[in-house]
Amino acid sequence: MAKVVTFSKENNTDVEVNLYDWTGREGELGNIGEENMREVFLNMDKAMKYVHNHGYCVKSFSPFEIQVLNNSPRQIKFNTLLEMPNDFAIREKLKNEDIFHSACLQIGLYTNSLRYLKESFLKENFEEFAKNLPQDDVPYYRGVIQRGAGVYYCEYLAERKKKDLEMLEREVNGDGKDGSKQLIKASGVTFKEESMTNDKINDNIYKQINGLKDTAFINYLIFPTLILLTGIAISVLALFFSLR
């Protein structure tokens with residue numbers, strides 16, 4: 001049976017709001033705004049990739065089982081994770097399923113259709129849903145939903161940003177010879193590959209699976225152990241010299 005890790009609110013000082021409420025889906029059209037939605041989905045994707053890299057997958061993509069911490073779209077917590085088996089093929093299958101279900105959730109929240117959205121209906125009628133999605137992201141969602149592409153949203157955005165910059169360099173400098181990099185740099189437009197996993201934040205949120213908790217426990221024990229061993233050594237030496 002797969003190991004289940006549940007992140008409870010017990011002894012947790014973080015303010016938590018589930019994703020459904022945070023995105024304002026109780027309203028007719030929602031009220032959070034498209035850019036804020038994109039940001040929270042980007043960081044949800046980074047959290048998902050982080051979880052995958054640590055050998056786990058997401059148990060539920062219900063928006064009530066995903067938390068936005070401290071009203072920050074960068075702090076995303078999946079309530080329950082499942083440990084993945086060591087088999088590479090099974091891991092890839094589970095990762096791709098998570099990517100697919102995450103995309104379905106995002107589309108459902110964008111279009112206010114979660115209550116009745118069916119995966120088969122979404123695949124068959126994707127172009128109708130696409131009308132209400134951020135147009136820059138439609139190729140990504142089409143690839144995941146209709147072709148089963150196992151691509152993380154954060155990777156898609158990073159690649160798109162890189163290609164946009166390359167196109168800008170060609171447009172500004174023609175053949176791209178001398179001066180292109182200097183001109184782009186002077187304009188303030190640069191491409192830097194950002195963290196794909198939001199590591200610093202996710203290290204803290206998911207410390208139960210990233211080894212930090214065990215390390216802290218070991219460090220907590222090491223000093224009392226050293227003191228105990230030192231005391232035993234001194235006692236043995238004292239006994240040894242008293243018998244001479």
Problem set entry | Using alpha carbons only: equivalent-ellipsoid semi-axes of the range 58-145, gyration tensor based, whole Å | 23, 19, 12
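Expressed as a rounded percentage, what relative contact order does the range 45-149 have, with Cα pairs under 8 Å and six or more residues apart?
Once divided by the residue count of the range 45-149, the mean separation gives 22 percent.
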Exercise. With Cβ to Cβ distances under 11 Å as the rule, what net charge do the other residues near residue 138 carry (K, R +1; D, E -1)?
Worked result: -1
Seminar exercise, completed: Whole-Hz Karplus couplings 3J(HN,Hα) for the range 141-157, θ = phi - 60° and coefficients 6.51, -1.76, 1.60, Gly and Pro as x, run 5, 4, x, 6, 6, 8, 10, x, 5, x, 10, 6, 4, 5, 5, 4, 5
Exercise. What's the local net charge at residue 123, with K and R +1, D and E -1, over the other residues with C-beta under 13 Å away?
Worked result: -1
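Sorted by average packing, counted as other Cβ atoms within 10 angstrom per residue and highest first, what order do 119-128, 142-151, 56-65 take?
With the highest mean Cβ count within 10 Å placed first, the list reads 56-65, 142-151, 119-128.
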Problem set entry | Amide proton proximity set for residue 15, modelled H, under 5 Å, gap of 5+ | 70
Problem set entry | Angstrom value of the Kirkwood radius, inverse mean 1/r, which spans all Cα pairs in the range 1-133 | 15.6
For this session: Give, as a single signed number, the net charge of other residues whose beta carbon lies under 12 Å from the beta carbon of residue 103, with Lys and Arg counted +1 and Asp and Glu -1.
Result: -2
Problem set entry | For the range 200-208, Karplus couplings with θ = phi - 60° (6.51, -1.76, 1.60), whole Hz, Gly/Pro x | 4, 5, 6, 4, 6, 5, 10, 5, 5
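Each value in this text was obtained by applying a stated rule to the coordinates, not by laboratory testing. Only a predicted model underlies this, so the values are computations on that prediction, with no experimental measurement involved. With ideal geometry, Cβ positions are generated from the backbone for all residues, glycine too; neighbour counts draw on all protein chains shown.
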